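The next block holds one structure in the form of structure tokens; read it before the comments.
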Amino acid sequence: MEKINKSHWENVYQTKDTTQVGWFQGTPKVSIDLISGTKISGTTSVIDVGGGDGALVDWLLEEGFEKITVLDISASALEKSKIRLGEPSSKVLWEACDILDFEPKKKFDLWHDRAVFHFLTNPKDQQIYRRLVECSIHSGGFLLVMTFSKSGPTTCSGLTVQQYDIQDLEEFFVQEFELIQSLNYDHITPSGTAQNYSVALFRRK
């Protein structure tokens with residue numbers, strides 16, 4: 001499945017205008033507001049999982065964050081982001097790999113995931129993800145997860161997703177994480193469609 005997904009996402013980023021794909025955000029306001037609310041400093045270590053060609057890294061650099069990792073299964077997506085950023089991209093650690101194959105060499109103070117976790121529809125893959133975040137986030141650090149809600153789409157880019165409400169997310173991560181903030185919001189796609197997301201911000205116990 002990993003190879004299929006990788007080829008799928010490489011094709012998406014090689015053939016489509018990123019500003020027209022359904023998940024595009026000119027400004028990732030919900031992420032920015034929640035990250036700002038944690039009061040983490042620019043010296044903390046942050047990872048954007050599935051960051052691709054997204055704009056969160058732009059904001060992190062503008063805010064002076066010094067230890068930024070952006071991970072995506074698509075090397076093409078990361079290359080687009082590097083080109084957009086220009087010279088500042090050299091300040092970022094870019095990781096082109098499937099999240100299930102990720103072997104971090106350090107721990108993070110903030111793990112940001114907008115719409116990667118919900119692609120893991122196999123329970124075994126979901127367990128791998130949970131163990132990964134448990135091992136990869138400092139005690140007191142933050143896990144910010146965004147998924148399609150039970151009112152949201154059942155697919156994204158032609159791939160099936162797992163929908164979650166806030167209670168689902170809390171119950172899944174409860175063993176090592178405390179839910180400190182949550183919300184649902186409608187993301188409006190470039191074509192004008194509303195996609196409802198569940199958003200959960202956790203603190204590592």
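Here's the yes/no breakdown for (1) under 28 Å from residue 123 (Cα atoms); (2) modelled with pLDDT under 95; (3) outside any helix (DSSP H, G or I):
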{"position": "4", "(1), (2), (3)": "yes, yes, no"}
{"position": "9", "(1), (2), (3)": "yes, yes, no"}
{"position": "14", "(1), (2), (3)": "no, yes, no"}
{"position": "31", "(1), (2), (3)": "yes, no, no"}
{"position": "48", "(1), (2), (3)": "yes, no, yes"}
{"position": "61", "(1), (2), (3)": "no, no, no"}
{"position": "65", "(1), (2), (3)": "no, no, yes"}
{"position": "68", "(1), (2), (3)": "no, no, yes"}
{"position": "93", "(1), (2), (3)": "no, no, yes"}
Original post:
Just for the range 1-58: of the residues that are of a type in the set (Asp, Glu) and in contact (Cβ under 8 Å) with a residue 12 or more places away in the chain, which one is least open to solvent (accessible area, probe 1.4 Å)?
Top reply: 48
Original post:
What is the one condition in (1) of a type in the set (A, V, I, L, M, F, W, C); (2) open to solvent by less than 70 Å² (accessible area, probe 1.4 Å); (3) closer than 20 Å to residue 56 by Cα that residue 188 does not satisfy?
Top reply: (2)
Original post:
Does the range 79-122 hold any residues that are within 17 Å of the chain's Cα centre (by Cα) and among the polar types (S, T, N, Q), and which are they?
Top reply: 81, 121
**OP:** Could you please let me know if residue 109 is surrounded by fewer than 16 Cβ atoms within 10 Å (Cβ to Cβ) and touching a residue at least 40 places away in the same chain (Cβ under 8 Å)?
**Re:** no
Original post:
Can you spot a residue in the range 69-90 that is among the small types (Gly, Ala, Ser), in contact with a Phe, Trp or Tyr (Cβ under 8 Å, 6 or more places away or on another chain) and over 28 Å from residue 185 (Cβ atoms)?
Top reply: yes
**OP:** Please give the number of the condition residue 123 fails out of (1) surrounded by 15 or more Cβ atoms within 10 Å (Cβ to Cβ); (2) out of contact with any Gly (no Cβ under 6 Å at 6 or more places or on another chain); (3) more than 30 Å from residue 42 (Cβ to Cβ).
**Re:** (1)
Original post:
What are the residue pairs meeting all of these: first residue in the range 126-138, first residue more than 12 Å from residue 111 (Cα to Cα), second residue open to solvent by 40 Å² or more (accessible area, probe 1.4 Å), Cβ atoms under 7 Å, and 6 or more apart or on different chains?
Top reply: 128/100
Original post:
Looking only at the range 105-124, which residues are more than 25 Å from residue 195 (Cα to Cα) and assigned to a loop (DSSP other than H, G, I, E, B)?
Top reply: 105, 106, 107
Original post:
Is there a residue being open to solvent by less than 70 Å² (accessible area, probe 1.4 Å), of a type in the set (S, T, N, Q) and farther than 30 Å from residue 41 by Cβ anywhere in the range 166-182?
Top reply: no
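Hey, does the range 137-147 have a residue that's hydrophobic (A, V, I, L, M, F, W, C) and farther than 17 Å from residue 181 by Cβ?
Of the residues in the range 137-147, the ones hydrophobic (A, V, I, L, M, F, W, C) are 137, 142-146.
Checking which are farther than 17 Å from residue 181 by Cβ leaves us with none.
The answer is no, given that none of the residues of the range 137-147 is hydrophobic (A, V, I, L, M, F, W, C) and farther than 17 Å from residue 181 by Cβ.
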**OP:** Inspect the range 129-137 for any residue being open to solvent by less than 40 Å² (accessible area, probe 1.4 Å) and assigned to a strand (DSSP E or B) and give the result as yes or no.
**Re:** yes
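The values are calculated or read from the model by the stated rules, or taken from the named source; none is laboratory data. This one's a predicted model, so the numbers in the text were calculated from it and none came from an experiment. With ideal geometry, Cβ positions are generated from the backbone for all residues, glycine too; neighbour counts draw on all protein chains shown. Accessible surface areas use protein heavy atoms only, side chains included; no ligands, DNA or RNA. Shrake-Rupley method; radii C 1.70, N 1.55, O 1.52, S 1.80 Å.
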